[in-house]
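These notes are about the structure you will find just below.
Derivation of every value follows stated rules applied to the coordinates shown; laboratory data play no part. None of the values given here were measured: they were computed from a predicted structure. Positions of Cβ are backbone-derived with ideal geometry, glycine not excepted, and every protein chain shown enters the neighbour counts.
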Amino acid sequence: VTIILIAVARFMPRTIRLTKRTDAAPPLRFGILGLLGTATFFLVNLLLPTTLAPFWIAIPLDLLVALVVGILLIVMSGNGTGWTDRQRVWLAGGALAFFIILAPFTEIFQR
């Protein structure tokens with residue numbers, strides 16, 4: 001992985017000019033992205049090992065989830081320059097909301 005990152009870095013420009021944008025998505029969309037991203041990542045890692053699918057299917061799916069969520073985050077935040085602390089809090093809150101929703105189910109099904 002390190003060698004691949006070094007090779008990619010060699011072809012990147014020395015400076016990346018990002019235009020300052022202010023047209024970030026509303027905070028609620030960041031919360032939904034955090035919730036769905038965490039839920040998808042959790043379900044891939046929870047459900048796939050219980051099936052007969054080999055581990056080499058789960059790892060690319062995890063990478064795909066991270067890539068899709070990352071791309072959506074960049075697009076929604078205006079290339080990472082247009083979002084505010086409010087949108088960041090909604091993203092973190094959405095990611096944590098999945099575990100708040102999951103907690104009662106884990107208590108119920110533990111018995």
Quiz prompt | Length-normalised contact order of the chain in % [C-alpha pairs under 8 Å, at least 6 apart] | solution = 45 percent
Quiz item: If each Cα of the chain is one equal point scatterer, what is log10 of I(q)/I(0) from the Debye formula at q = 0.10, 0.11, 0.12, 0.21 Å⁻¹?
Solution: -0.43, -0.52, -0.60, -1.13
Quiz item: Taking the Cα centre of the chain as origin and charging only Cβ (+1 Lys, Arg; -1 Asp, Glu), how large is the dipole, in debye to the nearest 20?
Solution: 480 debye
Practice problem: Give a residue-ordered list of calculated ³J(HN,Hα) values for the range 42-52 (Karplus: 6.51 cos²θ - 1.76 cosθ + 1.60, θ = phi - 60°; whole Hz; x for Gly, Pro). | Solution: 5, 5, 4, 7, 8, 8, 5, x, 7, 8, 8
Exercise. Place +1 on the Cβ of every Lys and Arg and -1 on the Cβ of every Asp and Glu in the chain, take the dipole about the Cα centre, and give the residue among V68, Q87, F11 whose Cα lies farthest towards its positive end.
Key: F11
Quiz item: Among I108, F41, P26, whose Cα lies farthest out toward the positive end of the dipole of the chain, if unit charges sit on the beta carbon of Lys, Arg (+1) and Asp, Glu (-1)?
Solution: P26
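Counting only helical runs of four or more DSSP H residues, what would the 222 nm mean residue ellipticity of the chain come to if each run contributes -39,500 (n - 2.57) and the total is spread over all its residues?
For the chain, the value works out to -24000 deg cm²/dmol.
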Quiz item: Anyone know which of D85, D23, D62 comes out most mobile in the 10 Å Cα GNM of the chain?
Solution: D85
Quiz prompt | 3J(HN,Hα) from dihedral phi, the range 91-103, Karplus parametrisation 6.51/-1.76/1.60, rounded to Hz, x for glycine, proline | solution = 5, 5, x, x, 5, 6, 4, 4, 6, 5, 5, 6, 4
